[in-house]
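Here's the structure we're looking at; comments come further down.
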Amino acid sequence: MAKSKSLVIIIHEEKCTGCRICQLICSSIYKQRFCPAEAFIQINDAYELTPKITFLDDCILCGQCAKHCLYGALELKEVEE
Ligand code: SF4
Ligand code: SF4
């Protein structure tokens, strides 16, 4: 029997530049707006050397933010359940 797979996102905060592309992607998909504050991923201390990355409870782990992170801060992985 084939095992089902699910996605996980591994966070590498040290690679985050605070560009907020992830938030723009998420809010555009789920809120139909380019509004970082409404995204299900939040980047805090974006102008610090190492921003803080948090996924909110409403995140459905679609992986779109990770696919669009240009800096490797969000690593998308498939894991067997
Ligand atoms: S996680 Fe990636 S896309 Fe999001 S702010 Fe950091 S570098 Fe930018
Ligand atoms: S995984 Fe999907 S729902 Fe979750 S923060 Fe990223 S884009 Fe938004």
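The values are calculated or read from the model by the stated rules, or taken from the named source; none is laboratory data. Since we're looking at a predicted model, the values are computed, not measured. Backbone-built Cβ (ideal geometry, glycine too); neighbour counts: all protein chains shown.
Numbers for the structure displayed
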quantity	calculated
Residue 26 in contact with a Leu (Cβ under 9 Å, 6 or more places away or on another chain) and in a helix (DSSP H, G or I)	no
Of the criteria (1) more than 10 Å from ligand 1 (Cβ to nearest atom); (2) surrounded by 12 or more Cβ atoms within 10 Å (Cβ to Cβ); (3) free of Cβ contacts under 8 Å to residues at least 60 places away in the same chain, which one residue 7 fails	(3)
Test: residue 28 is without any contact (Cβ under 8 Å) to a residue 12 or more places away in the chain, among the polar types (S, T, N, Q) and surrounded by fewer than 16 Cβ atoms within 10 Å (Cβ to Cβ)	yes
Of residues in the stretch 59-81 being of a type in the set (Asp, Glu) and loosely packed, with under 11 Cβ neighbours inside 10 Å, the one modelled with the highest pLDDT	78
All positions within the stretch 26-49 that are over 21 Å from residue 8 (Cβ atoms), in contact with a Cys (Cβ under 9 Å, 6 or more places away or on another chain) and either near ligand 2 (Cβ under 6 Å from one of its atoms) or not aliphatic (A, V, I, L, M) (or both)	27, 28, 36, 38
Residue list for the stretch 49-81, restricted to those being of a type in the set (Val, Ile, Thr) and over 11 Å from the mean Cα position of the chain (by Cα)	50, 79
